[in-house]
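What follows is a single structure, written as structure tokens, with notes after it.
The values are calculated or read from the model by the stated rules, or taken from the named source; none is laboratory data. Since the structure is predicted, the reported quantities are computational estimates derived from the model, not experimental observations. Cβ coordinates were reconstructed from backbone atoms using ideal geometry, including for glycine residues, and neighbour counts include every protein chain displayed.
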Amino acid sequence: MNVLFIEDDRMNRRVVNDMLDVAGVGMVEAESAEDGLRLIGEQDFQVILIDLRMPGMDGITAIGHIRARADAKAMVPIIVVTADAALDLRQRCLDAGADEVIFKPVAMDALFEAMGRVLAKGAEGDGLIA
């Protein structure tokens, strides 16, 4: 499995990478939404993790760009990883096209539970889970 984490904070990327590494999951890092969108065009990912607040393009805008793609990459599950605790945030993210929202500091169980839900949902859509 290959995961893309779009996050401007190096320490947050390192923490999530260490969590994924424990499970043998590969992670590619992008320091900005623009870099992340470029990587999505170049590589295949099974899950995209994305922060909302980054310099330049924000996460909500980047999600819109991903969902507007004209290829299968538009359907890759997206999990927002944020420290923002606004009451309407979860719904705004879902409305933008995110599949899940988890909060910082990231807990390993929350990360893997969210990944499990989005991957199972995708497998149901492919007819892989009865």
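If residue 118 passes every condition in (1) assigned to a helix (DSSP H, G or I); (2) within 23 Å of residue 11 (Cα to Cα); (3) β-branched (Val, Ile, Thr) but one, which one does it miss?
All conditions are met except number (2).
Do we find that residue 91 is loosely packed, with under 12 Cβ neighbours inside 10 Å and closer than 24 Å to residue 112 by Cβ in this structure? If you could, list the steps in order and put the result at the bottom.
Values: loosely packed, with under 12 Cβ neighbours inside 10 Å: yes; closer than 24 Å to residue 112 by Cβ: yes.
So residue 91 passes the test.
Quick check on my filter: what residues within region 76-88 are at pLDDT below 95 and either surrounded by 15 or more Cβ atoms within 10 Å (Cβ to Cβ) or part of a helix (DSSP H, G or I) (or both)?
Across region 76-88, the qualifying residue is only 84.
Scan region 1-42 for residues that are of a type in the set (Asp, Glu) and within 17 Å of residue 57 (Cα to Cα) and jot them down. Break it down into steps so the answer makes sense when it comes.
Narrowing region 1-42 to residues of a type in the set (Asp, Glu): 7-9, 18, 21, 29, 31, 34-35, 42.
Passing the criteria: 7, 8, 9, 29, 31, 34, 35.
Suppose we keep only residues that are in contact (Cβ under 8 Å) with a residue 24 or more places away in the chain and closer than 16 Å to residue 118 by Cβ within region 60-77. Which one would you say is nearest to the chain's Cα centre (by Cα)?
77
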